Every structure is written in structure tokens, then in C-alpha cells.
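Since the structure comes first, as C-alpha cells, the remarks are kept for the end.
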Amino acid sequence: MKTIEVVVPETVEEALAGGHFRYEDTEVSADVNGTKVKRPYQKKIALTLGGALFIAGGQGDLVVDEDGKAVRGKASVCADFTYGNDLGVKATERNILVAATEGPEKAIEKLAKNLIAVGMAPEVAREKAKELHALANPTE
């Protein structure tokens, strides 16, 4: 087992000056009655474990009830990491489910659209999507 020492800043100024976290200007959007609305906010980005602990209010371990179940709404580095990690896992599993249900052609089309959306030329995107689909699904 490895033991590490973590410095947890006590103030925002200390955390920023020590390079433990930074702010990033971003926005959240929502569709309200058919109209897309946006609101800017500053996202806190942890740069160190100490920064993550600072953002989570100093709570590192998962907060659990007497039955050992996670207490909803209680911030902790473990809870936030697990949630964020699971979003990626769920997205992958959902894509596998959709591809298996809709078939490979539909999956390739969706992938090509995503590649075009990030700037790939349409004529290249379709071929690249086929290649990527074949790599991810070698048994098809």
C-alpha cells in the first residue's frame, strides 16, 4: 500500500495561488418551452488531489448511512469521481446497446455525423466511421 501526503488548501485564494484548482468560464443550457436558453458560470477544475478535496469541502471518503449506502447530496471526492466515471461507462454501454439494437449501419451513420460535427470532412467521416466501427466490433 502506498501512502501519500495531500495538501488541502483552506481558502480559495490559497487554492488558486497553489495551483490546486482553477476556474473555467463555461455555460449551461436548457430547452425551455422550445427555446434554448443559456447561463454562464465558472466551473471549478481540480488540478491536484488537494484541489479536489477543497472543492468537495474537505470530504474525501464517501459519506454513507448506517446501512453502508451512499448518502445522496453529500459531496465527496469519491462520490464525484464515481459519478463522473460512471457517466463515461454508461455512455459506452448505451452506445453498445443502441448499436446492437439498431444494427451496424445506423451506428456508422451516427458516428459519421459526430465526426462531421467536430470538423471532419463528410467524405472522410463516413470511411473513418466504418473503420472505427470495425475496430470496436471485430465480430461483425
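Every read-out reported here was derived from the displayed coordinates using simple, explicitly stated rules and does not represent laboratory data. As the structure is a computational prediction, the values presented were derived from the model and not from experiment. Cβ placement follows ideal geometry from the backbone for every residue including glycine, while neighbour counts extend to all protein chains displayed.
Laid out as a table, the results:
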| quantity | calculated |
| --- | --- |
| Asp61 paired with Leu87, simple spin-label distance in nm, labels 7 Å along Cα-to-beta-carbon | 2.7 |
| Between region 103-140 and region 28-49, the alpha-carbon center distance in angstrom | 29 |
| Spin-label model distance (nm) - Val98 vs Met120, 7 Å beyond Cα toward Cβ | 1.6 |
| Spin-label model distance (nm) - Thr26 vs Glu105, 7 Å beyond Cα toward Cβ | 3.8 |
| Residues Ile108, Ile116 arranged by fewest to most Cβ contacts within 10 Å | Ile116, Ile108 |
| Residues Asp86, Asp25, sorted so that the one with the fewest Cβ neighbours within 10 Å comes first | Asp25, Asp86 |
| Cβ-Cβ FRET estimate between Lys44 and Thr139, R0 fixed at 35 Å, reported to 0.05 | 0.25 |
| Counted charge near Gly51, where neighbours are those whose Cβ lies closer than 9 Å (Asp, Glu -1; Lys, Arg +1) | +2 |
| Zero-based 10 Å bins, Cα pair distances in the chain, whole percents | 10, 22, 26, 25, 16, 1 |
| For region 1-77, alpha-carbon Rg and Dmax in angstrom | 16.7, 54 |
| Entries of Lys43/Lys90; Lys36/Lys113; Lys36/Lys130; Lys38/Lys113 with Cα pairs more than 31 Å apart | Lys36/Lys130 |
